[in-house]
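Scroll down for the structure; my scribbles are underneath it.
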Amino acid sequence: MPARHFVKYTFLKLDPQWRRLDADFRAEHKREFIAACEDFASDHLLRSFSTVGTRGDTDLLLLSQSINLDRIHEFHVVLAQTGLMKWASIPYSYLAMTKPSEYSEESRLEVRPGHSKYLFVYPFVKTRDWYLLAPDERYRVMQEHIRIGREYPQIDLNTSYSFGLDDQEFVVAFETDEPGDFLDLVQRLRTTESSLYTKRDTPTFSCIAMSVPRTLAALDGEAVGAEALTSLT
């Protein structure tokens, strides 16, 4: 059995006062942040996404993944020491883990976003009535849900599980190059029997895939120097 992975979704919001700092200070803060990301990304999955223009309460998402939870902890400790994080808050944070699905053989033990332009992320909680159903009944209900999802092969689904690790039960992340396709899929899924057992599936984050330097440039409109544009471009 391949190793399961911990997955961490960290959403950051920058204090608007940061944009009023001298450009040299902001550039140095970005270089420190990029260096911390490069160190983690040298042997772990790390993806960055901008939420500028898509959410009012977040500016960017870092998605980190490791088979070792301590490594994710260490990454965030190092990240917190950067100048940029002194001006940032974390309004949303989701910890999850991969595992085989009960309902489909297409599940993954790794979350692999980074191939499409957009990522749509939300925490998910089912009602307690869902878990009182017999296993074969839950399986039956989910087959309609899965069948509709397969009608949209251009949308890639990553599901991770948070039972006992965080407040939600699942974190789902959909990848696609066409946001309209995702909108249509979600609307279709609202008509399924399985939606009767949804307790919470918000907030929803529309994220634009970018390199770490480009994600940081979106914060103030200024790119860092070429020396920082290395493996994370």
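The values are calculated or read from the model by the stated rules, or taken from the named source; none is laboratory data. Here the structure is a predicted model, which is why all the values come from computation and not from measurement. Cβ coordinates were reconstructed from backbone atoms using ideal geometry, including for glycine residues, and neighbour counts include every protein chain displayed.
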Practice item. Looking for whichever is hydroxyl-bearing (Ser, Thr, Tyr), under 13 Å from the mean Cα position of the chain (by Cα), within 16 Å of Phe205 (Cβ to Cβ) and not in a loop (DSSP other than H, G, I, E, B) here; the options are Ser89, Ser64. Which one fits? Key: Ser64
Check your understanding: Does Leu157 fit the bill of being free of Cβ contacts under 8 Å to residues at least 24 places away in the same chain, closer than 22 Å to Thr54 by Cα and not aromatic (Phe, Trp, Tyr)?
Key -> yes
Exercise for review: Restricting attention to segment 109-118, report how many residues are buried (at least 17 other Cβ atoms within 10 Å of the Cβ) and either modelled with pLDDT of 95 or more or farther than 21 Å from Gly53 by Cα (or both).
Suggested key: 2
Practice item. Kindly establish whether Leu45 is at pLDDT below 95, out of contact with any Leu (no Cβ under 6 Å at 6 or more places or on another chain) and surrounded by fewer than 20 Cβ atoms within 10 Å (Cβ to Cβ). Key: yes
**Study point:** Selection status of Ser160, in contact with a His (Cβ under 9 Å, 6 or more places away or on another chain) and under 27 Å from Ser93 (Cβ atoms)
**Key:** yes
Practice item. Search segment 141-180 for residues being acidic (Asp, Glu), under 19 Å from the mean Cα position of the chain (by Cα) and not in a strand (DSSP E or B), and hand back the single one that is nearest to Lys126 (Cα to Cα). Key: Glu169
Exercise for review: Determine which single condition Val77 fails, assuming it passes every other condition in (1) assigned to a helix (DSSP H, G or I); (2) buried (at least 18 other Cβ atoms within 10 Å of the Cβ).
Suggested key: (2)
**Study point:** Of the criteria (1) more than 19 Å from His115 (Cα to Cα); (2) not in a strand (DSSP E or B), which one Thr215 fails
**Key:** (1)
Review point. Within segment 177-189, is even one residue surrounded by fewer than 17 Cβ atoms within 10 Å (Cβ to Cβ) and among the small types (Gly, Ala, Ser)?
Key: yes
**Study point:** Cβ pairs under 7 Å, 6+ apart, first in segment 185-208 and part of a helix (DSSP H, G or I), second hydroxyl-bearing (Ser, Thr, Tyr)
**Key:** Leu185/Tyr152; Leu189/Ser195; Tyr197/Thr127
Review point. Quick one: Asp129 ticks every box in (1) surrounded by 12 or more Cβ atoms within 10 Å (Cβ to Cβ); (2) touching a residue at least 60 places away in the same chain (Cβ under 8 Å); (3) of a type in the set (D, E, K, R); (4) in a helix (DSSP H, G or I) bar one, so which box is it?
Key: (1)
Review point. What residue, among those in segment 196-229 that are more than 18 Å from Val171 (Cβ to Cβ) and loosely packed, with under 14 Cβ neighbours inside 10 Å, is modelled with the lowest pLDDT?
Key: Glu227
